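Here's the structure we're looking at; comments come further down.
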Amino acid sequence: MTPLSDLARSMFAAAVAAVMPDTLARRIGFFPDGIEFAGSGLRPAGRLNLVALGKAAPGLAAAFLRRSQRLPDSVFVLVPDGVEVPGSLAPFARRASH
């Protein structure tokens, strides 16, 4: 491989790592009464519903549930056919085709 292709592969790997669900969840401040991200807070007074949609939905929902200090009142995960869903999220997952 050339130095340029090594650099391109390195940059691609860094970009993918930066958007992994656990990496993104670490950028969110979780508190008993809500969350904070980039200086903005969300502190829902009523029910907390977790909704995750798309190919990344299972990973994002799982990362949120691992870090959250407040369990949601309901969870809904909608994934395209063929996307793997962890067993812990299976009861909340629905599948759809595009």
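The values are calculated or read from the model by the stated rules, or taken from the named source; none is laboratory data. All figures in this text were calculated on a predicted structure; none of them were measured in a lab. All Cβ positions, even for glycine, are placed from backbone atoms using ideal geometry, and neighbour counts span all protein chains on display. Please note that ligands, DNA and RNA were not included when accessible areas were found on the heavy atoms of the full protein model with its side chains. Shrake-Rupley method; radii C 1.70, N 1.55, O 1.52, S 1.80 Å.
Here are the numbers for the structure shown:
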item: Efficiency of FRET from Cβ geometry, residue 71 and residue 42, R₀ 22 Å, rounded to 0.05; result: 0.90
item: Using alpha-carbon coordinates, inclination of helix 3-18 to the longest axis of the chain, degrees; result: 0 degrees
item: ³J(HN,Hα) computed for each position of the range 63-77 - Karplus, 6.51 cos²θ - 1.76 cosθ + 1.60, integer Hz, glycine/proline x; result: 5, 4, 5, 5, 9, 5, 8, 10, 6, x, 6, 8, 10, 9, 10
item: Positive minus negative residues near residue 78 (Lys, Arg vs Asp, Glu; Cβ under 10 Å); result: +2
item: Sum of side-chain charges, residue 67 neighbourhood, beta-carbon under 13 Å (Lys, Arg +1; Asp, Glu -1); result: +2
item: Sequence-distant residues sharing a close amide H with residue 56 (under 5 Å, placed H); result: none
item: With every protein chain in place, the chain: carbon and sulfur % of accessible area (1.4 Å); result: 63 percent
item: Whole-Hz couplings from phi, Karplus 6.51/-1.76/1.60, listed for the range 83-97; x for Gly and Pro; result: 7, 6, 10, x, x, 5, 9, 3, x, 9, 8, 10, 10, 8, 9
item: Accessible surface, 1.4 Å probe, highest first, among residues 27, 94; result: 27, 94
item: √(5λ) per eigenvalue of the Cα gyration tensor, the chain, largest first, Å; result: 29, 20, 10
item: Accessible area (Å², per residue) of the chain, counting only protein heavy atoms and a probe of 1.4 Å; result: 69 Å²
item: Value of relative contact order over the range 36-76, rounded to a whole percent, pairs C-alpha under 8 Å and six or more apart; result: 49 percent
item: Helix-only [θ]222 nm of the chain, DSSP H runs n ≥ 4, -39500 (n - 2.57) each, per residue, nearest 500; result: -10000 deg cm²/dmol
